[in-house]
Amino acid sequence: MIKLLSPAGCEEAVYAAFENGADAVYVAPVEWSRRIAAFGLDDEGMRRCIEYAKAYNKELRVPLNAYLQEEDIDFLLGKIENYVKWGVTGIIAADLGLMREIHRLFPQAKLYASAACGVSNVEKALFFKDMGVCEVVAPYSLTPEEMAIIRKEADIGVEAFIHGHLDFNQCGYCWMSTYFQRKVFEEAKERKYIIGSVNRGGGCYRICRAQWKLVNNKGKTINEDYLKDGKTFYFYYGLDLLGRYVQAGITSLKIMGRSYNVEMVRRITKLYRSLLNRALADPVGFKPEEAEVKEANALESMRFCLWQTKCQELIGKTSLKNRINHA
Amino acid sequence: MLKKDNKFELTTTIGRLKDITVDQLKCYEAIYIGDPFCELGRDNLLEDGSSLKKAIKAIKSFGKKVYLNTYVDPRPAMFDSVKHSVETALEFGADAIGVSNLGVLRMVSKSFPKAGIHLSNYVRLFNLRSAIFVSQFNVKRIVPYPELSLSEIDRIKANTSIPMELPVHGKIPLGHTELCILMPEQTKTKKKGCVALCYKGYMLRSGGSAMKAAGRVAFSHKDICMLNYLGMLLNKGYRHFRIESIFESGSYRRQIGEIYRQHIEFLLKNNDKFLRINPEGICNGFYFEKPGMEYV
């Protein structure tokens, strides 16, 4: 049985995802995941969402997947203790120190290895399994068949992305943004919040979305907008892969987008619920219908507009003042 | 005051057999071999057992230590090849295995339990608890994650027995891409297989900023340079220093190595003189917003 895992960045989005067919939702506490502080829940909001999920026999997973300072780990363990008490399904983490402590102190909570862990081989899946992890996220570039190998040989849950965007660097393997710009967010309440560092949980300036020229060793410009023209990153949805994911034994299908608004979360979840139901019924013969492809494209356009505006704004805050145009 | 331990190790990285010459490497104690970023890279030592053996023999004949790099992101189909490289390297006398992937860490520690492991910055250890956790895997050295500040590195160093190897000069890798950045350019050449554009000095430029493009890594355009801080690093007890030079020329590798070796040797040698001349020790006065008697 594959679980449909939807994103949420606020309480309303959590309810919208569940009401439209998500088996599980991932939502972070404010200030503590790999997103800017705006997307997340305070403790009371988190408690209500956990209790809601529990009441409807659904899953609520909490991403705490930034890499952490020593004192942050102690602080977060206090938060996790509350989540576990309220009945959270599990924690998504990337920091080895935090993961070890979660497994040691809260063995009743499920532990998920974040996409930032970059689990692309069986041995790495086994490494995390040894740490108590029940499910790992496969990188975009793995084929369903490679995911099946990990699923079978490591005997561990495998999560695949079904909707999102491929970044320039692999998830978790990027510190490009902080090389160009780094600043401490003074208003953060609970932690030293470093804007520019995704790995430290502060969001990024989307440096890779600026206009980059490729220049050879003689100083000659070979391409004016190389990363765009080279299709180094692109929007991704795995509509055509759904049947193969089912056959590969994938355990969760993840929709990316904790910064999506409530309406987008509702529509995306509804779309993929319908697709997944049909793929589960007939994985070999599964094919998305024209209306479904149309809806996926409409959602992608909506998301792209929001995303492009945000990129422009973020890049504008750095020294990279070029246009972005990746339509 | 500088600590009295006068031994140090200067390391660098080489991806191809043809870059291994005594002239380039004379300033280094140890060489990491193999391109850990890309399995498709032309002449990558990690993909050619015969060249790997020759490389190890050559470096050993120069009286240097050899550390084998392994891939940052090996896919399921690559794992047997990774294991084979490790086996070959150890058989031919490699002194340690450089590990960038937690799967490789597990494999090496289980299949080659006697092999010393050097964890690369790609393992991304941010805190003491993570460092303590990995110490169970016969880890002999850690290259700190690039975003860590020196005070964060100090904290890990002070509370574990694992030495830290600090990159002190060269380009900073800024991540790892899913695909070869230079593939579109390579495709234009219409040649089969990799044509090693990583070594050709391609740059990505945007306004006044830039990155060096090399296969599956964008490097910083500027070289990190800690030359002026070597005294402080030595004083803090660091003794393992890396010059990152995998896609640089032989001349770069030789010249930078010479500068750092001379500087470190000068600092360590003159430390003994300072101790004789100033038996009570030295301090920085009030320059660094610290009590005047402290030495940063």
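A few comments on the model shown:
- Taking amide H as placed 1.01 Å from N in the peptide plane, B:Val99 has its amide H under 5 Å from the amide H of B:His118, B:Leu119, B:Ser120, each at least 5 places away in sequence or on another chain.
- Separation of the alpha carbons by more than 23 angstrom is noted, of A:Lys254/B:Lys83; A:Lys220/A:Lys310; A:Lys129/B:Lys83; B:Lys26/B:Lys53; A:Lys54/A:Lys270, for A:Lys254/B:Lys83; A:Lys220/A:Lys310.
- Neighbour counts of C-beta atoms inside 10 Å place B:Ser51, B:Ser111 in the sequence B:Ser111, B:Ser51, starting with the fewest.
- Annotation: aspartates and glutamates with alpha-carbon distance below 18 angstrom to B:Lys18 (same-chain offsets under eight excluded): B:Asp35, B:Glu39, B:Asp43, B:Glu47, B:Asp48, B:Glu244, B:Glu248.
- Set of aspartates and glutamates with alpha-carbon distance to B:Lys7 below 18 Å, sequence-local pairs under 8 removed: B:Glu29, B:Asp95, B:Glu165, B:Glu258, B:Glu265, B:Asp272
- Residue with peak Gaussian network fluctuation, chain A [Cα springs, cutoff 10 Å], from A:Thr309, A:Thr178, A:Thr251: A:Thr309
- Cα centroids of the range A:241-291 and the range A:44-99: 25 Å apart.
- Loop-located GluC sites (Glu not before Pro) in the range B:225-296, at most 15 other Cβ atoms within 10 Å (DSSP): B:Glu280, B:Glu289, B:Glu294
- When B:Met211, B:Met232 are sorted by how many other C-beta atoms sit within 10 angstrom of their C-beta, beginning with the fewest, the order is B:Met232, B:Met211.
- Share, in percent, of DSSP beta bridges within the protein assembly as shown that are antiparallel, nearest 5: 30 percent
- Fraction of C-alpha pairs exceeding 47 angstrom in the protein assembly as shown: 15 percent, rounded to a whole number.
- Phi angles of the range A:72-82 translate, via the Karplus equation with coefficients 6.51, -1.76, 1.60 and θ = phi - 60°, into HN-Hα couplings of 4, 4, 4, 4, 5, 4, x, 5, 4, 4, 5 Hz per residue; Gly and Pro are given as x.
- Among the lysines of the range B:159-267, pairs that are 8 or more positions apart or on different chains and have alpha carbons within less than 20 Å of each other number 11.
- Nearest-ten-degree value, helix B:250-277 long axis tilted from longest Cα axis of chain B: 20 degrees
- 3J(HN,Hα) from dihedral phi, the range B:134-147, Karplus parametrisation 6.51/-1.76/1.60, rounded to Hz, x for glycine, proline: 6, 5, 5, 9, 6, 7, 9, 6, 10, 8, x, 4, x, 7
- P(r) of chain B over all Cα-Cα pairs, binned every 5 Å from zero, in whole percent: 1, 5, 11, 15, 17, 17, 13, 9, 5, 3, 2, 1, 0, 0
- Exposed trypsin sites (Lys or Arg not before Pro) absent - longest run of chain B, DSSP non-H/G/I/E/B, at most 15 other C-beta within 10 Å: B:193-296
- Residue by residue along B:139-146, Cβ atoms of other protein chains within 10 Å of the local Cβ number 1 on average.
- Tilt relative to chain B, helix B:102-111 - C-alpha long axis, 0 to 90 degrees, to 10: 90 degrees
- Taking amide H atoms as placed 1.01 Å from N in the peptide plane, the amide H of B:Ile282 has no partner under 5 Å among residues 5 or more positions away or on other chains.
- The residues B:Tyr202, B:Tyr229, B:Tyr260, when put in order of fewest to most other Cβ atoms within 10 Å, stand as B:Tyr229, B:Tyr202, B:Tyr260.
- Shielding by partners for peptide B:91-103, expressed as the average number of C-beta atoms from other protein chains within 10 Å of each residue's C-beta, is 3.
- Bridge type composition, chain A - antiparallel percent by DSSP, nearest 5: 25 percent
- Modelled this way, with points 7 Å down the Cα-to-C-beta line, the labels at A:Ile222 and A:Lys54 are 5.8 nm from one another.
- About its Cα centre, the dipole of the range B:52-167 is roughly 320 debye, where the only charges are +1 on Lys and Arg Cβ and -1 on Asp and Glu Cβ.
- Semi-axis lengths, Å, the range A:138-185, gyration tensor of Cα atoms, sqrt of 5 times eigenvalues: 30, 12, 9
- Build a GNM of chain B with springs between Cα atoms under 10 Å apart, and of B:Phe219, B:Phe241, B:Phe62 the one that fluctuates most is B:Phe62.
- The overall shape of the range B:1-147, judged from the alpha-carbon gyration tensor, is oblate: a/c is not under 1.5, and a/b is no greater than b/c.
- Within 10 Å of the Cβ of each residue in B:180-186, the mean number of Cβ atoms contributed by other protein chains is 4.
- Whole-Hz Karplus values for the range B:75-88 come out as 7, x, 6, 8, 5, 4, 5, 4, 4, 5, 4, 5, 4, 4 Hz, taken residue by residue from phi with 6.51 cos²θ - 1.76 cosθ + 1.60 and θ = phi - 60°; glycine and proline positions read x.
- Choice from B:Asn121, B:Asn228, B:Asn271 showing the highest fluctuation, given a GNM over chain B with Cα pairs closer than 10 Å: B:Asn228
- Under-5 Å amide H pairs with A:His165, H placed in peptide plane, nonlocal only: A:Tyr236
- Virtual paramagnetic centre 7 Å along Cα→Cβ of A:Thr143, amide N under 16 Å, in the range B:65-90: B:75-79
Any read-out appearing in this document is the output of simple, stated calculations on the displayed coordinates, not a laboratory observation. All of these numbers come straight from a predicted model, not from anything done at the bench. Neighbour counts run over all protein chains shown; Cβ positions are idealised from the backbone, glycine included.
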